[in-house]
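Participant: Pasting in a structure now, in structure tokens, and then I'll have a few things to ask.
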Amino acid sequence: MNMELAFSPAEQAFADEVHDFIEHALPADIRERVEHDLHLGREDYMRWQQILAARGWHAYTWPKEHGGPGWSAVQRYIFEKTSAELNCPTIQPFGPRMVGPVIFTFGSPAQQARHLPAIRASTVWWCQGYSEPASGSDLASLATRAEDAGDHYLVNGQKIWTSYAHYADWMFCLVRTRRGSRPQEGISFLLIDMRTPGIEVQPIPMLEGTHSFNSVFLTDVRVPKANLVGEEGQGWRYAKFLLEHERVENSNIGFSTFAMRRLHRIAGQVMQAGRPLLEDPLFRAKVSAVEAQLKALEVNTLRALSAIGSGGSPGAGLSSALKIRGTEIGQRITELICEAAGPEGMALHPELLAGRGDLGDMQASLSGAPANYFWRRAMSIYGGSNEIQRNIIAKQVLGL
């Protein structure tokens with residue numbers, strides 16, 4: 001396998017190992033649906049993640065002492081980039097990249113023993129209970145409350161835009177256990193079994209017919225105090241730890257790599273004035289510009305991953321900058337895909353979006369380009385809107 005950056009012989013050997021494993025292990029039906037950016041269900045994600053888990057690669061960001069492979073920042077980069085190039089499904093981040101590191105860093109031995117093996121094996125699906133109807137980017141204003149009821153909490157409130165809550169077995173949830181002088185005070189981090197009575201998941205369907213978002217209503221939900229991570233009232237600290245790492249992941253290198261390949265494929269097949277659109281100088285200039293931006297983003301993402309891999313932190317400034325640029329680049333690529341698809345992409349084919357029908361037909365590549373463009377507008381909102389990220393940079397880096 002030829003990598004684009006100068007890697008050591010050991011790193012190149014690792015790249016070849018990853019490439020060969022994925023080539024042989026990734027199921028063909030999943031590969032085909034991912035190639036056309038079509039809908040995947042829980043069983044598709046779990047099937048691939050469990051194949052990775054059998055290799056010890058599902059929790060690939062974890063250190064060896066917690067059951068991960070202990071990869072370096074470069075190895076992680078190689079794995080993510082190769083996975084995107086070979087049309088692997090995105091590893092759902094809620095377990096291995098989000099709550100897993102919180103549990104092995106701040107959780108009790110009992111919590112680690114109960115949850116970390118299932119996360120590594122991808123036998124449990126997690127969701128994130130953060131945003132609320134009046135608390136999105138301003139997360140510290142959350143109102144979901146957890147009242148002390150002896151050996152358990154009674155949780156009441158609503159979470160919204162909860163990705164894949166309809167698939168989830170467990171939720172990691174920010175709740176308010178008391179009021180403080182600052183809104184960040186009195187927030188706690190709970191682990192909630194989604195089968196607990198009092199939890200209602202209501203779907204938020206997308207216009208093109210897919211379903212990933214949900215509202216989650218919690219009414220007198222009994223949560224054992226043993227499910228409190230760390231100290232009561234310190235949830236904001238743990239949330240900041242998670243968000244710094246999440247925003248590095250939100251540089252979206254994997255998605256942008258995949259989307260760039262899709263853009264090249266579509267623009268190479270769509271004809272304009274008797275030749276492929278990609279040969280048009282003006283369109284080619286647009287593609288080249290975003291490719292250069294993506295390369296610069298990759299270098300800065302490696303810097304952040306190297307800081308994390310060395311036991312440090314990338315810092316809020318760099319994390320926020322990566323989140324901003326990563327989402328803007330991803331959105332720009334989907335915009336160019338939509339432009340390349342043109343009128344052919346406007347036709348809605350629900351059966352193709354669901355991964356059914358003739359996936360070898362050109363329409364499978366074009367179908368849903370506008371829907372994907374509009375959906376990816378959310379990239380600059382979720383994980384903390386880009387406006388909020390710019391405020392973080394202004395405050396913590398520039399001192400404004």
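The values are calculated or read from the model by the stated rules, or taken from the named source; none is laboratory data. As the structure is a computational prediction, the values presented were derived from the model and not from experiment. Please note: Cβ atoms are built from the backbone with ideal geometry, for glycine as well, and neighbour counts cover all protein chains shown.
Participant: Would you check if Trp48 is assigned to a helix (DSSP H, G or I), among the aromatic types (Phe, Trp, Tyr) and modelled with pLDDT of 95 or more?
Facilitator: Yes, satisfied.
Participant: Would you be able to say whether some residue in segment 178-192 is without any contact (Cβ under 8 Å) to a residue 24 or more places away in the chain, more than 25 Å from Ile381 (Cα to Cα), surrounded by fewer than 18 Cβ atoms within 10 Å (Cβ to Cβ) and not assigned by TED's automatic domain parsing to the domain that holds Gln389?
Facilitator: yes
Participant: Shifting gears a bit: Name the residue, out of Val18, Val74, that is touching a helix residue (DSSP H, G or I) at 6+ places or on another chain (Cβ under 7 Å), part of a helix (DSSP H, G or I) and either of a type in the set (Ser, Thr, Tyr) or at pLDDT below 95 (or both).
Facilitator: Val74
Participant: Among the residues of segment 187-203, are any assigned to a strand (DSSP E or B) and small (Gly, Ala, Ser)?
Facilitator: yes
Participant: State all residues of segment 30-79 that are more than 22 Å from Phe7 (Cβ to Cβ) and without any contact (Cβ under 8 Å) to a residue 12 or more places away in the chain; if no residue qualifies, say none.
Facilitator: Selection gives Gly41, Glu43, Ala54, Glu65.
Participant: Report yes if some residue within segment 158-170 is in contact with a Lys or Arg (Cβ under 6 Å, 6 or more places away or on another chain) and of a type in the set (Phe, Trp, Tyr); otherwise report no.
Facilitator: Looking through segment 158-170, at least one residue is in contact with a Lys or Arg (Cβ under 6 Å, 6 or more places away or on another chain) and of a type in the set (Phe, Trp, Tyr).
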